[in-house]
Amino acid sequence: MNNNSKVLALKYRPQTFKDLIGQKTIAETIINSIKIDKAPNAYLFTGIRGVGKTTLARIVAKALNCKNSIEQISEQDLCESCDCMAIANSNHIDVLEMDAASKTGVDDVRDLIEFSRYGPTSAKYKIFIIDEVHMLSKQAFNALLKTLEEPPPHVMFLMATTDPKKLPITVLSRCLQFNLKNIPPEIIVTHLSEILGQESPAISFEENALWQIGRAAAGSMRDALSLTDQAISYCDGEVTDEGVKGMLGTIDQMDIFRLVEALISQDAPAAMSHIRDMAAFAPDYAGVLSDLLSTLHRIAVAQLVPDSLDNSQGDEALVRAAAEGLHPDDVQLFYQICLTGSRDLSLSPDPREGFEMVVLRMLAFREASGLPPDDREQPGGAGTED
C-alpha cells in the first residue's frame with residue numbers, strides 16, 4: 001500500500017517511545033525498568049479506546065527484543081537492522097499477537113501456553129500480546145493463571161484492555177499495570193497540526209476546526225485522527241471550521257458563547273435565535289447543557305481563581321471576556337439552574353422545549369435578582385453608593 005494512501009491513524013502510529021503522545025511518565029517508567037533489567041513477565045495496559053495500549057505493547061516488545069541498546073527505542077528512530085522492523089510489521093516469529101475478542105475460549109489459551117514452552121527462535125524473549133484481554137472466558141483465565149504465576153524466564157505477556165474491572169483479581173495481581181491517560185484536547189490539537197503540516201502537500205486547516213475535533217475525540221488520539229481523515233474528505237482536501245461543524249453535526253464552543261453573550265446582555269430574542277440556529281444541527285440537548293455547565297464552571301474559575309484558568313479547551317480568551325460581563329452571583333445561579341435542568345430534561349415533553357425553558361429561567365431569575373450587574377459589589381470591591 002502506498003504510504004500516502006494510508007489512513008492517518010496507521011501512517012502516524014508511534015513506533016518508538018519518543019513518538020508516544022501524552023504518556024511520558026509511563027514510557028519513562030518502562031524504559032527504566034528495562035534498563036536495569038527489572039522488567040516483569042506480565043504487563044497490563046489499560047485505558048479508553050485509542051490512547052495507545054496496543055501500540056505501547058508493540059513498542060515494549062521491540063524494546064525487550066532489540067539487539068541494539070534500549071536507547072535505540074527510547075530516544076532514536078526505529079531500528080532497521082534487527083528484529084524491530086519485523087515486530088512493527090506484526091510478522092516476527094517470536095512475537096505472537098492474539099485478539100481475545102475473537103479467541104475467547106480455553107482451547108485458544110491452551111495453544112498459547114503450549115507454544116510458550118518452547119524457547120524463542122531468534123529473539124531474546126517469546127512475547128505474547130493479548131488485546132482486549134478482558135474478553136477471555138473464565139475457563140481461559142484459569143488456564144492462563146498458572147503460566148502467569150510461574151512463567152518461563154523467556155516468556156513475556158503484554159496485555160491490553162479497556163475494562164480491567166472484568167479481569168480476575170488473581171490475574172491483576174500478577175501484572176504490572178499501567179493506566180494510559182486520556183489525551184487532553186490541547187495535546188490532540190498540537191499533534192494534529194503537526195501531522196497536517198507533515199503531509200505532502202501540507203493540508204490547510206483552521207485552528208478552531210482542530211479544537212472541535214480534539215473535543216469530539218474525548219481523549220482518544222485514534223478517534224481524533226479518524227475524524228481528521230473524515231474532515232479532509234468532507235471539506236475537499238482541507239480542514240475548515242464550518243466543514244467540521246457540519247460533519248460532526250454538532251454545535252461548537254462559539255454557539256455556547258453566543259448563548260452566554262445573550263445571557264450577559266439579557267437579550268431573550270437573541271438567546272431564542274441562537275437556540276433556533278442550534279436546532280438545525282439536531283443536537284443532543286443534554287450534551288449542550290453539559291457544555292454550558294462546563295463553560296460556566298470555567299467562567300467561575302476565571303473570576304475567583306484567575307491564575308488557575310488554562311487554555312485546555314481553546315477558549316481562554318472567550319472565558320475571560322465572559323467573566324468580565326457576568327457577576328459571580330449570576331454565574332453561580334446559572335450553574336445551579338443548568339444543573340437542575342440537566343436532571344429534569346428527560347421529563348420534558350420535548351428536549352428542545354426543556355432546554356429553552358432552562359435558558360428562559362436563567363434570564364427570568366437574573367432579571368428578578370435585583371440590582372443590575374454594574375451596581376452589585378464585585379468580589380474584593382465596593383458597590384455603588386446610594
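The values are calculated or read from the model by the stated rules, or taken from the named source; none is laboratory data. In this text, all values refer to a predicted model and were calculated from it rather than measured experimentally. Cβ: placed from backbone, ideal geometry, glycine included. Neighbour counts: every protein chain shown. For accessibility, only protein heavy atoms count, side chains too; no ligands or nucleic acids. Shrake-Rupley method; radii C 1.70, N 1.55, O 1.52, S 1.80 Å.
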Original post:
Taking H as built 1.01 Å from N, whose amide H comes closer than 5 Å to the amide H of residue 159, not counting residues under 5 places away?
Top reply: 43, 44, 45, 130
Subject >> Stokes-Einstein diffusion coefficient of region 151-215, Kirkwood radius over Cα pairs, 20 °C, 1.002 mPa s, in µm²/s >> reply: 138
**OP:** Can you spot the aspartates and glutamates whose alpha carbon is less than 16 Å from residue 35's alpha carbon? Ignore those fewer than 8 places along the same chain.
**Re:** 71, 75
Subject >> Heavy-atom accessible surface of the chain: percent carbon and sulfur, 1.4 Å >> reply: 50
Subject >> Kirkwood Rh in Å, taken over the chain so that all alpha-carbon pairs contribute >> reply: 24.2
Subject >> Excluding exposed DSSP-loop GluC sites (Glu not before Pro) (at most 10 other C-beta within 10 Å), longest clean stretch of the chain >> reply: 81-384
Subject >> Relative compactness, region 178-252, computed as alpha-carbon Rg over 2.2 N^0.38 Å >> reply: 1.03
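Could you state the accessible area per residue of region 223-342 in Å², with a 1.4 Å probe and every protein chain left in place?
Working: 5210 Å² over 120 residues.
Dividing the accessible area of region 223-342 by its residue count gives 43 Å².
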Original post:
To the nearest 500 deg cm²/dmol, what mean residue ellipticity at 222 nm is calculated for the chain from DSSP H runs of n ≥ 4 alone, each contributing -39,500 (n - 2.57), summed and divided by the residues?
Top reply: -16000 deg cm²/dmol
Subject >> Geometric extent, Cα atoms of region 103-215 - Rg, Dmax (angstrom) >> reply: 20.2, 55
**OP:** Could you do me a favour and compute the accessible area per residue for region 175-222, 1.4 Å probe, result in Å²?
**Re:** 46
Original post:
What net charge is computed for the residues neighbouring residue 123, neighbours being all others with C-beta under 14 Å from the C-beta of residue 123, Lys and Arg scored +1, Asp and Glu -1?
Top reply: +3
Subject >> Amide H contacts of residue 83 (H built 1.01 Å from N, under 5 Å, at least 5 apart or other chain) >> reply: 67
Original post:
So which residue, out of 300, 231, 321, gets the largest mean-square fluctuation from a GNM of the chain using Cα contacts under 10 Å as springs?
Top reply: 321
Original post:
Once the whole set of protein chains is in place, how much accessible area is left on residue 200, using a 1.4 Å probe, in Å² to the nearest 10?
Top reply: 100
